[in-house]
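Below: one structure, written as structure tokens.
No lab work stands behind these numbers, since they all come straight from the coordinates. Since this is a predicted model, take the numbers as computed values, not measurements. All Cβ positions, glycine included, derive from the backbone under ideal geometry; neighbour counts span all protein chains shown.
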Amino acid sequence: MSVTIGILCCHYTNQAGEEDFRLIPGTVIVKRYPCSGHIEVVDILKTFEEGAEAVLVAGCEKESCHNLSGSSRAEKKVLGARKILEEIGLEGERVRFAFLPRLDTGPFMAEVKKTFETALKMKSKS
Amino acid sequence: MIIAERKPIPKILRAIEPYERVLVLGCRGCVAICSAGGDREVEPVAAALRLARKRSGRPLTTGEATLIRQCDPEYLAPLREMAQDYEAVVSLACGVGVNLIADLFPEIRVYPGVDTTFYGANPALGEWQEKCRGCGDCILDITAGLCPIARCAKNLLNGPCGGSQGGRCEIRPEVPCVWHQIYERLSERGELERLMKFFPAKDWRPAGHGGPRQRKREDLQLG
Amino acid sequence: MEPRSHLHRVLREGHFAVTAEIGPPKSADGEVVRRKARLVKGYVDAANITDCQTAIVRMSSIASAVLVMAEGVEPVIQMTCRDRNRIGMQADLLGAAALGVKNLLCITGDHQKFGNHPEAKGVFDLDSIQLLDMVRRMRDEGKFLCGEELTGARPGFFLGAAANPFADPFEFRVKRLAKKIAAGAEFIQTQIVYNVERFRRFMEMAREMGLTEKAYILAGITPPKSFGMARYMKYFVPGLDVPDEILKRMKEAKDKREEGIRLAVEIIQQVREIPGVAGVHIMAIEWEEAVPEIVKRAGLHPRPLEAEVRPPVVVEVEKPVERVEVIAPPKEEVPEEGPPKLEIPVEAVKEVFSTVRSSLESLREGVNLLYDSLMRLERALLGGEVVPAEAPEVPPPEVKPEEVAPPEEIKPEERPPEKEEVKPEEKPPVEEKVEVKEEKPPEKEKAVVEERPPVEEKPPVEEKPPVEEKPPVEEVPPVAPPEGVEILGFFGEYRDLSERAAGLPEELYKDPGTAYIREVEIGKGEKAFRVGGTNVLPFHLFEGEMRQVPRIAMEVLDVKPEGWPESLTKYFADVLGDPGAWAKKCVEVYGAEAICVYLMGTDPNYLDLDAKHAREVVEKVAQAVDVPLIIWGAGHAEKDVEVLREVVELVGDRGTVIGPVVEANHRTLGATAMGYGVPVVASSPIDVNLAKQLNILLENVGVALDKILMDPSIGALGYGLEYTYSVMERIRLAALYAQDDKLQVPFICNVGREVWKTKEAGLPSDETLGDQEVRGVLMEAITSVALALAGGDLFIMRHPKAIELTKTIISGLMQ
């Protein structure tokens, strides 16, 4: 059973490379953005269309966003995506937002793992 | 502007249930301004429809386009060709757009993607309030610019009802009593006698109770 | 000019007028209207017939008016602008005039949002002032609103309007009144006056504007029927001003209804002194019986002129001849003769009755005392076996205050030695936790131990010194061994976690919740208790606290139960079908801490008994016991509203829990509960989100979270228990550990009903399934205990043995 997750993140939240993602026993779709504020609801939905069982949206901690309110906006977008997912019968918890310290791959990968666990749970449910 | 709100995705899904190719058509008029049916809404609606259909095992192909306005024939003209590749159109315009498409292109199956709600203003980000009901016979001159037809729950024309308490409407405490506001505004201006005047029964024909309304301006008509 | 109506004549001749209000029924039962008319006949000059008041559908005002006329009372029909457009209004008014209706009150009407069809399209084609203007022109100019002529008779209505001196903006209220009078109002009925001072100022302003010369102003009067109603009016009725003093008087009054009538009479006397007040309009809401009393005491009886109301010909379609005959002899109750005869006796007789009632009450108490002492004596002389089926438990000492003292004195002396034998180091903490409730069992135990040394259970206790205090508790069964079910308790050694985890840092094993479950008070006064108040998963006392123990209420049915197995009915055989006696037995014999009255008979799909039946049942139970009550409707959203509204009025003052409130009736029942300040049972079909949603909805209508008990709709053992468990557990986890404050509410679990309707509870004894009674008891107790482990706070149960077993286990877990 192959499980896919999607990671939409601000470029500055991590320095994770292929090596890091290889630790995840499934497919990881990674989309990097110059700022998480640029991530739209539709980007999240499209990631699900591409087969992701769960999606992580990661942005910088509120006080360290380059664009001041980029990550706060992204957090709201996640709520918007969640609403649509629930409307079409998917669990809202499939998409989550994480505020992360800048360029620190450790916490980022911890969130990725959590997302993978969610994906596993969702996959086994369906 | 005309305020609308995206329909719940399951309702749209039900309408387009038989089709496999659907065009999601936005409008850059009012619905774009009130964030219900512009370019930014077309994409997620299309994506949500595709995602839901994919999971139900009947994948859907969508086209996405947004017109400058859907309430003018000239802007709608390209639709005949655009729609050829699709079995149906989901219009994110207000009800006016959906109707005009249906009027002009009987062969196109058009379905609404939004609920058209009211004429409103956008006093704060993400919030819209009803201010006018298009009753066709404006009385704002008498009521200090505040409309009791749109903003009083009982459309009263002769002052606040007995449910006005502390400036609030009895319907919901967050709704101000518009008659209380009118009273205060006029008493500040020393024009209270306006309210003492009996306001006779309103003619509701211009409000639409006389049948579908239309307006003509001959000097603009050709031929 | 001829007076337009009897009411007009009374006012014009300068008499202080009295009108009342008749609310038509929510049915096609004309007799209700007729009866209400007969009640006020001779005491009022005219009676208003409301027009779908508060936007709730009722029999139409005009049709009801015709019935009222047939009883010889002059009606004032009301017409709102909410339900008809100008075409419908004019047509109905022509019809009303043709039927002989002479008075019309024009009002805008309550918004449909407040009624039972909030989805309706409100018409509001006209407002009340435009309506007045329209009718005045029909009458005086003979013209329809459109200007067309009426061809023939004109409707000669005496026109009235409403005024609210207590709404805002205050200064505009008199101006609006002037507008109404200018539009055609000849008489005015005001909103209910409680704040006489404000009304006096309003009248002053009206006089200054010369309005009292142009129209007759009748002050609105409503006797509060209960404290709850007064409070409801103060806080939830827009445009009503109820001063704190009125609330205080209602709260402190012993006889609420009497106080309500007294208040009404006082207000009438005060407003009568205000110049320009031409009469009073008495709105005794759903209490028309109070009108004659108020009118008499206010010195307004007899009425000066006799109404000449002739029933309209049209009514007689069914039985024309009879009707005429009925109407002819209204002299039978000629007001001049009737009242004097009745007046004094009614008062005196009432007094006699209340004296007799209270003496009966004390007599009953005395008999109870006697009975109790007799039982004790018998037991002392003959040993515990005397008490047959009657008493597996000694009557709770709280019932008779005098007896509380002695046992408490004895206990402290007797306990210490026993504790010392057992395990001195562990005792102190335990002792602190023990609550009053738990003191009963030890007492019982003592009695048994002393009186029957040869009891078999004693030895084990001695053999196992490390056993905590509890084992003795289980010794109750010897009293009723013939019934076959023995309740055993906890054995074995308990080592405190702190001891077992010695050496480990606390944070490794302690994880208390971040919030507390709210405490909900059940009942009022001495017998009241609280449930909830925990910040940990059930019985995790090592890491947090449970401020309240899980409680158990016993269930009483309003009708004789059908299909209960004999193993259950035998405990109540003598009281089934008599809810009062049943409840009393539960409390006095089985020690119930609360009673749940299940109004099963009101279910439209069962017996469809009416609200009156429910009222009687609850009244009986309320009189029989003083423990907190839970009133559980039939589970029919619509009917429950009707029934619970009726009942709560009776027992709202004692903090009675009402339910089940479901999404479909949360608005109405929520408002009712708020009005009386009572807790509700919020029932949702076993789902975390639905439970939460209902709590949110209730909170939105204003019910505080500490007035809500969640009923997750439980399943019995073998019938979905594990699913219930899981959902309750998830709710509790969300509440305690995920800051989900809308779920921080105690659970109520209706266990008895679910268990005793299962097939297994009723199958006869056989080898495979074992003894019927043991089986049922275990099923009920296991269900309750399992749900207690999931977070259940309050249980409704049926079988005394199952309750005992559950209590034993819970108190064991609470140590």
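List of remarks:
- Principal axis extents of the Cα atoms in the protein assembly as shown, from largest to smallest and rounded to whole angstrom, are 105, 98, 55.
- Equivalent-ellipsoid semi-axes of region A:1-62, from the Cα gyration tensor, Å, largest first: 19, 16, 7
- Volume per residue that the Cα convex hull of region C:497-813 spans, once the total is divided by residue count, Å³: 130
- Value of Rg/Rh across region C:112-152 [Cα atoms, Kirkwood radius]: 1.20
- Each label was represented as a point 7 Å from its Cα along the Cα-to-Cβ direction; for C:Glu213 and C:Leu497 these points are 8.4 nm apart.
- Alpha carbon centroid spacing (whole Å) that separates region C:69-113 from region B:8-72: 51
- GNM result for chain A, Cα springs below 10 Å: residue of A:Glu53, A:Glu75, A:Glu18 fluctuating most strongly: A:Glu18
- One equal scatterer on each Cα of region B:134-201, no solvent, Debye formula: the resulting log10 I(q)/I(0) at q = 0.25 Å⁻¹ is -1.18.
- Measuring spread by the Cα atoms of region C:662-740 yields a radius of gyration and Dmax of 13.1, 40 Å.
- Taken along its principal axes, the alpha carbon cloud of region C:6-315 reaches lengths of 60, 46, 43 Å, longest axis first.
- Region C:609-656 has equivalent-ellipsoid semi-axes of 18, 11, 9 Å, by the square roots of 5 times the alpha carbon gyration tensor eigenvalues, sorted largest first.
- Projected area, mean over directions - region A:38-102, Cα convex hull, nm²: 4.1
- For the protein assembly as shown, the Cβ-based charge dipole about the Cα centre amounts to some 5720 debye (Lys, Arg positive; Asp, Glu negative; other atoms uncharged).
- Dimensions of region C:660-815 from C-alpha coordinates, computed as largest minus smallest value along each principal axis and given longest first, are 55, 32, 24 Å.
- Estimated 222 nm signal from helices in the protein assembly as shown, with DSSP H stretches of n ≥ 4 weighted -39500 (n - 2.57), rounded to 500: -12500 deg cm²/dmol
- P(r) weight above 24 Å for region C:1-146, C-alpha pairs, percent: 32
- For region B:1-160, convex hull of alpha carbons as volume per residue, Å³: 132
- Alpha-carbon centroid distance for the pair region B:177-223 / region A:17-54, whole angstrom: 55
- Rh (Kirkwood; distinct C-alpha pairs) - region C:562-625, Å: 12.5
- Kirkwood-based Rg to Rh ratio, chain A, C-alpha trace: 0.95
- Cα centroid separation, region C:719-782 to region C:555-614 (Å): 21
- Each of A:Cys65, A:Cys60 was scored by other Cβ atoms within 10 Å of its Cβ. Arranged with the fewest first, they read A:Cys65, A:Cys60.
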